[in-house]
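Here the structure comes first, spelled out in structure tokens, and everything after it is commentary.
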Amino acid sequence: MNVLMVYPEFPDTFWSFRHALRFIHKRASSQPLGLITIAAMLPESWHLRLVDMNVRTLTDNDLKWADMVFLSAMVVQKKSVLEVIKWCNDLGVKVVAGGPLFTQEYQHFTGVDTFVLNEGEITLPQFLADLEQGHPQHLYTTQEFPDIKKTPLPRWDLVEMNQYDSMSIQFSRGCPFNCEFCNITSLLGHVPRTKSAVQIIAELDTLYATGWRRNIFFVDDNFIGNKKVLKGEILPALIEWRKGKVGCAFSTEASINLADDPNLMQLMVKAGFNNVFVGIETPDEGSLTECNKTQNKNRDLVESVKRLQRAGLQVMGGFIVGFDSDSPSIFQKQIDFIQNSGIVTAMVGLLQAPIGTRLYEKMAKEGRLVEDISGDNTDGTTNIVPKMDKNLLEQGYLGIIRTIYSPKVFYDRVKVFLKEFNPANTTVTIQFQEILAFFKSIWYLGILMDGRKEYWKLFFWSLFRYPKKFPLAITFSIYLFHFRKVSASAG
């Protein structure tokens, strides 16, 4: 059996970092972890190939080689998904589809022979058993959640590693919180299920043995969802693993209550974590109550962010406008919060209601769903009829984006961050791509683009005041190049 695993193309979004990745000659942020994990569960006798359309072009010859195409995607990849399905149908290649997009809305897709939904540890063996008997069904689904301690090592050998800035691994699935707009719990449940330390170390050893020394992203939606296992097993194992190693800085996603646990922050930094994405959403208490973001309430959010930064963790933040509780003052509040907190990478989007969320059900009951969700929460679109005047909301949103990613405001925010950030003394490897990116930043940002005056101010300010943090200043400058490209097309 020849199986082609296809990962559809992402549009150009804030999260893609596509324009920034060009500075280091990489094509995508990270590899399709879901597909290479599924690949590890397939029969050893099968012949497998992977095409990530974000790093190379899918061709007729790729599809003609395959007896079957395995397709996995998120909502934001929907346009590319539809194109791939039609392409397969035209060539007569069978399509097996799974992943978050299809699990939430498989009914909307024609041309797929078999849907293997939810978590593959349960549904994939069912499909394979029926396929061997010659009568695969159209739909495989489950309400159960598997024990991921039985999940095999991903098939790293299928990945063109030199095309990526980061490799992804997973420690846990599920989140203990219940934010109204988030579909994680409907997909993966409320009780975080975890891998063992042995599994995580085996994955890291395999990656390290390939020569990988760059970033590693733990894709958990809330890395600290199970603190007992994390603090008692995983982080001590990571600290031990790191001894004698170079490179491989870790990043992940976590809830803001990480800032309440100094010991946990210390362990994470010692283990090699230097970056964490946090869903801030909004500084407005009424809107936090509305969306049931209980972990963010009744706290000084700016101070929580700064505690993380002082501990040695860069904070990337997610922000939302368009809650029913939002008044027109929210736009300036968001700008002020982002600037005062020094969150350089601030992803701001309009509130959307993904299928499977309590917000979706609520909006459906109120007759306030207007169109399909784009899956890109930073493209200036929403599938909700807002309480605020729609034009006012859209213009306010664009005002935030264009302000926080204007050169002066952005570089001022970088300075706020650099003053606060206390980086760990870890050994990093500087590769040729980083050296090349440095000179490219001088050319594009310091000579060709508008805002070059602000670039040079930050350049020399950080070089002389915080020389150890100077590489970060350059990295953020390159991020700005990407953010400005994307924000110019928003709205």
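Odds and ends about this structure:
- Screening the range 155-171 for residues that are closer than 19 Å to VAL278 by Cβ and in contact with a helix residue (DSSP H, G or I) (Cβ under 8 Å, 6 or more places away or on another chain) and picking the one that is surrounded by the most Cβ atoms within 10 Å (Cβ to Cβ) gives PHE171.
Conditions tested, residue by residue: (1) out of contact with any Pro (no Cβ under 9 Å at 6 or more places or on another chain); (2) assigned by TED's automatic domain parsing to the domain that holds CYS248.
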residue	(1), (2)
VAL96	no, no
THR103	yes, no
THR123	yes, no
PRO136	yes, no
LYS149	yes, no
LEU153	yes, no
ASN162	yes, no
ASP165	yes, no
LYS195	yes, yes
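- The one condition in (1) closer than 24 Å to ASP379 by Cβ; (2) of a type outside the set (Ser, Thr, Tyr); (3) part of a helix (DSSP H, G or I) that LEU63 fails to fulfil: (1)
- Test for GLU180: is it closer than 25 Å to VAL51 by Cβ and either crowded, with 19+ Cβ neighbours inside 10 Å or at pLDDT 95 or above (or both): no
- Every residue from the range 142-154 that is without any contact (Cβ under 8 Å) to a residue 60 or more places away in the chain and either surrounded by fewer than 15 Cβ atoms within 10 Å (Cβ to Cβ) or among the aliphatic types (A, V, I, L, M) (or both): THR142, GLN143, GLU144, ASP147, ILE148, LYS149, LYS150
- For the range 460-474, a residue qualifies if it is surrounded by fewer than 17 Cβ atoms within 10 Å (Cβ to Cβ) and not aliphatic (A, V, I, L, M), and the qualifying residues are PHE460, TRP461, PHE464, ARG465, TYR466, PRO467, LYS468, PRO471.
- Among the residues of the range 13-59, those that are more than 21 Å from GLY98 (Cβ to Cβ) and without any contact (Cβ under 8 Å) to a residue 12 or more places away in the chain comprise ARG22, THR57, THR59.
- SER196 vs. criteria farther than 30 Å from ALA364 by Cβ, in contact with a helix residue (DSSP H, G or I) (Cβ under 9 Å, 6 or more places away or on another chain) and either of a type in the set (A, V, I, L, M, F, W, C) or at pLDDT 95 or above (or both): yes
- Options GLY189, GLY211: the member that is assigned by TED's automatic domain parsing to the domain that holds PHE319, farther than 30 Å from VAL321 by Cβ and more than 14 Å from the chain's Cα centre (by Cα): GLY211
The values are calculated or read from the model by the stated rules, or taken from the named source; none is laboratory data. Since we're looking at a predicted model, the values are computed, not measured. Please note: Cβ atoms are built from the backbone with ideal geometry, for glycine as well, and neighbour counts cover all protein chains shown.
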